[in-house]
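Structure first, commentary second.
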């Protein structure tokens, strides 16, 4: 089996952050979202992975290549968003007639895909789609199943949902999917839709099984989704400290502190939280569910429930909550004195408040 990870697209719902970085590279608990997908695929004993890249291809390639993976990784360029089924089409040479798992690179799964991949390998199915129960199925692509648990119909954002089982964004296919992709037409968006290709399989008598996800799942398409995913992953971290805690500073609960980081001047870190490498935290409070990236300076500030990316400096005698702050940002104080702030700030910005 091979792997196909999607890391293209424009990420318009995450602007301004995605003007300067690919959405799948936004960190959750100080690790790019894309890395979780790659790790899940490798854990499922798949070691030949193609990554679909788009407008920020150089950025994605550099980030992925910064780590030594237990896999052969190739990059496949898609010149514009032309649909998920189009990514299958342009990957035909790489996939070379083998079954494969397709994983949307902005998805996070609590329990990974090992069980789903093993079930697919042993089932004889032509395709398998991962589904999860949701309370608002009208917002998603929804699957209708028969009494044997096989997919009989896919409906996109139905007004009257046939079930509460939403598509997660992970699919397993045998090579017959190429016939399906070549026999469908572009949708109203002028894209080749993977749901249309799967429906073609169903209508032509192929076996499409459902595999239901039991743990949490997050599609990190919006700032609040990324912060929620950060909370869920921080709930699972273990306490560790490779830095220095000085000047009566205090670390409470499960906190991970990176090498070279200094806590000084009575700072307080309350977990779950993660602080990257080579950071300086001075006279500041870092509250629960906060991720601080590498090389950051937090001075005379309070931050809670937020993600702060690499190289950012915050010197603000106010409280920042529920914020997503890009890399190399500068936030400092001005003469105005409001009580609280909520930010979604792109890379290399400068904010005075």
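Some points to look at:
- Where strands (runs of 3 or more DSSP E) fall entirely within region 222-293, those with at least 1 residues that are within 25 Å of residue 344 (Cβ to Cβ) and touching a strand residue (DSSP E or B) at 6+ places or on another chain (Cβ under 7 Å) are at 255-257, 268-270, 273-275, 280-282, 290-292.
- Residue count for region 124-150, restricted to those that are at pLDDT below 90 and either in contact with a strand residue (DSSP E or B) (Cβ under 7 Å, 6 or more places away or on another chain) or not in a loop (DSSP other than H, G, I, E, B) (or both): 14
- The residues of region 305-320 that are in a loop (DSSP other than H, G, I, E, B) and over 17 Å from residue 261 (Cα atoms), listed by number, are 305, 306, 316, 317, 318.
- Some residue of region 151-165 being within 18 Å of residue 46 (Cα to Cα), in a strand (DSSP E or B) and either assigned by TED's automatic domain parsing to the domain that holds residue 221 or in contact with a helix residue (DSSP H, G or I) (Cβ under 7 Å, 6 or more places away or on another chain) (or both): no
Per-residue answers, yes or no, for (1) within 21 Å of residue 344 (Cα to Cα); (2) in contact with a strand residue (DSSP E or B) (Cβ under 9 Å, 6 or more places away or on another chain); (3) at pLDDT 80 or above:
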position	(1), (2), (3)
11	yes, no, no
14	yes, yes, no
23	yes, yes, yes
32	yes, no, yes
38	no, yes, yes
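- Hey, residue 291 surrounded by 24 or more Cβ atoms within 10 Å (Cβ to Cβ), in the same structural domain as residue 329 (by TED's automatic domain parsing), under 14 Å from residue 255 (Cα atoms) and in contact (Cβ under 8 Å) with a residue 40 or more places away in the chain or not: yes
- Residues of region 267-285 that turn out to be closer than 15 Å to residue 30 by Cα and either buried (at least 18 other Cβ atoms within 10 Å of the Cβ) or within 24 Å of the chain's Cα centre (by Cα) (or both), as a count: 8
- Scanning region 68-96 for residues that are within 20 Å of residue 43 (Cβ to Cβ) and part of a loop (DSSP other than H, G, I, E, B) gives 68, 69, 70, 71.
- Residue match in region 44-63 (condition: under 16 Å from residue 2 (Cα atoms), touching a residue at least 40 places away in the same chain (Cβ under 8 Å) and loosely packed, with under 15 Cβ neighbours inside 10 Å): yes
- One residue from 346, 340, 276, 266 being modelled with pLDDT of 95 or more and not assigned by TED's automatic domain parsing to the domain that holds residue 25: 276
Each row is one residue, and each column tells you yes or no for (1) over 22 Å from residue 212 (Cα atoms); (2) without any contact (Cβ under 8 Å) to a residue 40 or more places away in the chain; (3) surrounded by 14 or more Cβ atoms within 10 Å (Cβ to Cβ).
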{"residue": "75", "(1), (2), (3)": "yes, yes, yes"}
{"residue": "83", "(1), (2), (3)": "yes, no, yes"}
{"residue": "87", "(1), (2), (3)": "yes, no, yes"}
{"residue": "90", "(1), (2), (3)": "yes, yes, yes"}
{"residue": "95", "(1), (2), (3)": "yes, no, yes"}
{"residue": "112", "(1), (2), (3)": "no, no, yes"}
{"residue": "116", "(1), (2), (3)": "no, no, yes"}
{"residue": "135", "(1), (2), (3)": "no, yes, no"}
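- A count restricted to region 295-304 and to residues that are surrounded by fewer than 20 Cβ atoms within 10 Å (Cβ to Cβ) and outside any strand (DSSP E or B) stands at 1.
- Selected residue (only one of 308, 321 is free of Cβ contacts under 8 Å to residues at least 60 places away in the same chain, crowded, with 24+ Cβ neighbours inside 10 Å, under 22 Å from the mean Cα position of the chain (by Cα) and under 19 Å from residue 228 (Cα atoms)): 308
The values are calculated or read from the model by the stated rules, or taken from the named source; none is laboratory data. Bear in mind that the values here come from a model prediction, so they are computed numbers and not experimental data. Quick reminder, even Gly has a Cβ in these numbers, built from the backbone with ideal geometry, and neighbours come from all protein chains shown.
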